[in-house]
Amino acid sequence: MPLASEAWLDRYVGMNYYITDCEGVGGRVKERLEDFIVEEVLIDGQVVPTSITGKPLPKIVNKPGPWVWMIIEKRGIDAITLLLILSRKLGVNPRDISFGGLKDAVAVTSQIVSVRGVSINDVPSDFGRDVKVLSAVSMDRAFITSDIWGNEFTIRVRNIDISRMGSINCVLNQLMERGLPTYYGYQRFGLRRPNSHVIGKYIVLGEFDKAVDELLAHAYPMEPPRIREARELIARGDYSRALELIPRSYKYYPERAVLRQLVSNPRDFVNALRKLPHELLNLYVESYQSYLFNLALSERIGRGLPINRRCLVTLLPYSMSMGYRQSTLST
């Protein structure tokens, strides 16, 4: 039978079961950034490489137009931080930047990012130590999700217990019988603050005050004392003092952007959220979708139903009781 997860974070993001009940082999992933490499795969099959794997750059024909497509390699940076870095360094609005998909933060990743309103001559070779530009071409349109087929992963697992390697056959046999679950993992929800799906739920329900409260006031155990203190001040309505405590860094850009609006208008939750990049608001909603997918997949695994072939499943009770009100948070 599938094994129920006892990890609070697993259950918090809807990953309630392992598909197998085999003994584990230990091991750790992402001890170093180079242990997890993600390379974008274009719709024509070409791979957008990192400098680590040494694969050839994709052949992309220049086309005159207002866009520049850049092949970006980033190290240990999430997609929203990358967006903010490019916006600030190139002097463009975040809405003039687009990409085909999000990539893991704790990793070395490569992808195409398009920027409107700059020329190739405006593009530096890097945007700091952790963001390199491997190539750039002029283009007549934005790079979007339909331009990519998927991602190619190179993953290294360290410190495996060799004495338990016999468990691999158990795992493989059960996977062949039951299928491999494709949960949305921690990177979709966050590790330091795994609440993007909670914020997204409140946005979908139109409960913008609760979305702001979750973004700003809910402290998580892995956060440093200074940040937890700031969140306690926010919970008491002392936005000005909290703004002084939160560092001026890309990591805390969402909190600072929303807080600045609340300092001038403490009840203007809608416009406070509108201060965030459109891509980040979309990410919150997509994270909620991912959470619901994880719950549905967990329900199927928990019932002992295979996930590698079709079968009739009744609708989950909680999927009917989530409720929905049309959101008015347009950006």
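Measure off, as a whole percent, the carbon and sulfur share of the 1.4 Å-probe accessible area of the chain, all protein chains present.
On the way: 9280 of 17640 Å².
For the chain, the apolar C and S fraction of the accessible surface comes to 53 percent.
Ligands, DNA and RNA aside, Y184 has an accessible area near 90 Å² when probed at 1.4 Å.
Sorting the segments 286-293, 214-221, 198-205, 87-94 by their mean number of nearby beta carbons within 10 angstrom, highest to lowest, gives 198-205, 286-293, 214-221, 87-94. Toward the positive end of the charge dipole of the chain, with +1 on the Cβ of Lys and Arg and -1 on the Cβ of Asp and Glu, the farthest Cα among I85, L172, I144 is that of I85. Where does the Debye-calculated log10 I(q)/I(0) of the chain sit at q = 0.07, 0.09, 0.10, 0.15 Å⁻¹, using only Cα point scatterers of equal weight, no solvent? Ignoring solvent entirely, the Cα scatterers give -0.35, -0.58, -0.72, -1.40.
Ranked highest first by average number of other Cβ atoms within 10 Å, how do 95-105, 164-174 line up? Don't skip to the end; give the middle numbers.
Working: 95-105: 20.4, 164-174: 13.0.
Per-residue mean Cβ counts within 10 Å order the peptides as 95-105, 164-174.
Can you give the log10 of the normalised intensity I(q)/I(0) at q = 0.16, 0.18, 0.23, 0.24 Å⁻¹, computed with Debye over equal Cα scatterers of region 87-171? These q points yield log10 I(q)/I(0) values of -0.75, -0.90, -1.35, -1.42. Since only I234, P49, P266 are under comparison, the one whose Cα sits farthest along the positive direction of the charge dipole of the chain, derived from C-beta charges on Lys, Arg, Asp and Glu, is P266.
Could you work out Rg/(2.2 N^0.38 Å) for region 1-151, with Rg from alpha carbons only?
Working: Rg = 18.2 Å, N = 151, 2.2 N^0.38 = 14.8 Å.
Rg over 2.2 N^0.38 Å, computed on Cα atoms: 1.23.
Listed peptides 114-124, 270-280 appear in the order 270-280, 114-124 once ranked by packing, highest mean of other Cβ atoms within 10 Å at the front. For region 199-210, putting each phi into the Karplus relation 6.51 cos²θ - 1.76 cosθ + 1.60 with θ = phi - 60° gives couplings of 4, x, 4, 5, 5, 4, 7, x, 9, 5, 5, 6 Hz, in residue order, rounded to whole numbers and with x for Gly and Pro. For the chain, modelled as a GNM whose springs connect Cα atoms under 10 angstrom apart, the maximal fluctuation among E244, E152, E34 occurs at E244. Between the amide H of A107 and those of G76, I77, distances stay under 5 Å, these residues lying 5 or more places away or on another chain, with hydrogens modeled in the peptide plane. Build a GNM of the chain with springs between Cα atoms under 10 Å apart, and of R11, R188, R236 the one that fluctuates most is R236.
Dipole magnitude for region 105-260: computed about the Cα centre from +1 point charges on Lys and Arg Cβ and -1 point charges on Asp and Glu Cβ, it is near 320 debye.
Charge tally for I148 (other residues, Cβ to Cβ under 14 Å; Lys, Arg +1; Asp, Glu -1): -4.
Okay, helix-only estimate at 222 nm for the chain: each DSSP H run of n ≥ 4 adds -39500 (n - 2.57), divide by all residues, round to 500 deg cm²/dmol; what do you get?
Numbers: 12 runs with 116 residues, N = 331.
Computed ellipticity for the chain at 222 nm equals -10000 deg cm²/dmol.
Placing +1 on the Cβ of every Lys and Arg and -1 on the Cβ of every Asp and Glu, with no other charges, gives region 61-120 a dipole of roughly 140 debye about its Cα centre. This model, with +1 at the C-beta of Lys and Arg and -1 at the C-beta of Asp and Glu, gives the chain a dipole about its Cα centre of some 400 debye.
Per residue, how many Å² of accessible area does the chain show with a 1.4 Å probe? I get 53 Å² per residue for the chain.
Considering only P221, L292, Y186, and ranking their Cα positions along the charge dipole of the chain that arises from unit charges at the beta-carbon of Lys, Arg, Asp and Glu, the one farthest toward the positive end is P221.
Evaluate 2.2 N^0.38 Å with N set to the residue count of region 157-227, then give the Cα radius of gyration divided by it. Don't skip to the answer; put the middle values down first.
On the way: Rg = 19.3 Å, N = 71, 2.2 N^0.38 = 11.1 Å.
That ratio works out to 1.73.
For region 81-92, putting each phi into the Karplus relation 6.51 cos²θ - 1.76 cosθ + 1.60 with θ = phi - 60° gives couplings of 4, 4, 4, 5, 4, 5, 4, 6, 5, 8, x, 10 Hz, in residue order, rounded to whole numbers and with x for Gly and Pro. In the Gaussian network model of the chain, springs joining C-alpha atoms below 10 Å, which of I144, I37, I71 carries the largest mean-square fluctuation? Highest fluctuation among the options: I144.
The values are calculated or read from the model by the stated rules, or taken from the named source; none is laboratory data. Just so we're clear, the structure is a prediction, and the values are computed from it rather than from any experiment. Every residue, glycine as well, gets a Cβ built from its backbone with ideal geometry; the counts of neighbours run over all protein chains shown. With ligands, DNA and RNA removed, areas are computed over all heavy atoms of the protein, side chains included. Shrake-Rupley method; radii C 1.70, N 1.55, O 1.52, S 1.80 Å.
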